1. Here are Leu56, Leu70, Leu44, Leu65: which of them is aliphatic (A, V, I, L, M), in a helix (DSSP H, G or I) and at pLDDT 95 or above?
2. Output the residue which, of all residues in segment 73-82 that are among the hydrophobic types (A, V, I, L, M, F, W, C) and loosely packed, with under 11 Cβ neighbours inside 10 Å, is modelled with the highest pLDDT.
3. List the number of the failed condition for Glu5; all other conditions in (1) surrounded by fewer than 13 Cβ atoms within 10 Å (Cβ to Cβ); (2) of a type outside the set (Ser, Thr, Tyr); (3) more than 14 Å from the chain's Cα centre (by Cα); (4) at pLDDT below 90 hold.
4. Of the residues that sit in segment 22-41 and are surrounded by 10 or more Cβ atoms within 10 Å (Cβ to Cβ) and in contact with a helix residue (DSSP H, G or I) (Cβ under 9 Å, 6 or more places away or on another chain), which one is modelled with the lowest pLDDT?
Amino acid sequence: MGPVEIIFGIILLLFSIAIIIVVLLQEGHQQNLGAITGGADTFLAKNKARSIDAFLSRWTKFIALGFFVLVIAINIIMYFTK
């Protein structure tokens with residue numbers, strides 16, 4: 001196992017951990033669906049979750065795209081080096 005394979009393996013592991021963390025931080029779409037909420041529904045309270053969810057959703061897409069590109073690149077490099 002060469003140093004290039006080790007470096008790509010570590011990067012792939014970091015991407016895997018990052019995508020797991022970002023997906024777990026996202027709220028489900030059905031959370032609080034039937035709950036009766038008390039208190040004041042302010043603009044900030046309603047849109048804070050949306051902005052965080054949008055941020056996490058955007059980063060999920062970027063990390064997943066990077067993950068797949070990295071996997072394809074690793075396979076191409078391994079195919080041509082052996």
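The values are calculated or read from the model by the stated rules, or taken from the named source; none is laboratory data. Here the structure is a predicted model, which is why all the values come from computation and not from measurement. Note that we place each Cβ from the backbone using ideal geometry, even for glycine, and neighbour counts take in every protein chain shown.
1. Of Leu56, Leu70, Leu44, Leu65, the one residue that is aliphatic (A, V, I, L, M), in a helix (DSSP H, G or I) and at pLDDT 95 or above is Leu65.
2. It comes out as Ile76.
3. Failing condition for Glu5: (1).
4. Step by step, filter segment 22-41, then rank; the result is Glu27.
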